[in-house]
Amino acid sequence: MSRAFGGQGFIPECMDKIKAVRAEIQKNGYKCELEIDGGAKLNNTADIVAAGADVIVAGSAVFGGDIAANVKGFHEVFKEGAAKAAWSK
């Protein structure tokens, strides 16, 4: 993804980076949240959270269309991802 352009797609290769950063956070006992900014949509957020993200920044995915429905959808997929996340157990 290129910086400063909303609505771009998530780069699938970043999933391994999210997992690696999460592993380092867990291994070293860091007290922090891992935030992902870029490409989060309803169809990939559960996997991003399961990989290790705590915080998702989603601009056009929330504000494009029915905002209330999008927010509700993100709550649901965030819970789904957290349930799949081995690192949060």
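A few remarks follow.
- Hey, Ala53 surrounded by 17 or more Cβ atoms within 10 Å (Cβ to Cβ), of a type in the set (A, V, I, L, M, F, W, C), assigned to a loop (DSSP other than H, G, I, E, B) and without any contact (Cβ under 8 Å) to a residue 40 or more places away in the chain or not: yes
- Scanning the stretch 17-68 for residues that are within 14 Å of Gly81 (Cα to Cα) and aromatic (Phe, Trp, Tyr) yields a count of 0.
- Of all the residues in the stretch 22-38, those that are touching a helix residue (DSSP H, G or I) at 6+ places or on another chain (Cβ under 8 Å), of a type outside the set (Phe, Trp, Tyr) and in a loop (DSSP other than H, G, I, E, B) number 2.
- Screening Gly39 against (1) on the phi < 0 side of the Ramachandran plot; (2) in contact with a Phe, Trp or Tyr (Cβ under 9 Å, 6 or more places away or on another chain) leaves a single unmet condition, (1).
- Close contacts from the stretch 11-24, counting a first residue that is without any contact (Cβ under 8 Å) to a residue 40 or more places away in the chain and a second that is among the β-branched types (Val, Ile, Thr) and surrounded by 12 or more Cβ atoms within 10 Å (Cβ to Cβ), with Cβ to Cβ under 9 Å and a gap of 6+ residues or different chains, come to Cys14/Ile36; Cys14/Ile48; Met15/Ile48; Ile18/Ile36; Ile18/Ile48.
- Residues that are surrounded by fewer than 10 Cβ atoms within 10 Å (Cβ to Cβ) and at pLDDT 95 or above, drawn from the stretch 9-28: Lys27, Asn28
The values are calculated or read from the model by the stated rules, or taken from the named source; none is laboratory data. Not measured: the values here are computed from a predicted model. Quick reminder, even Gly has a Cβ in these numbers, built from the backbone with ideal geometry, and neighbours come from all protein chains shown.
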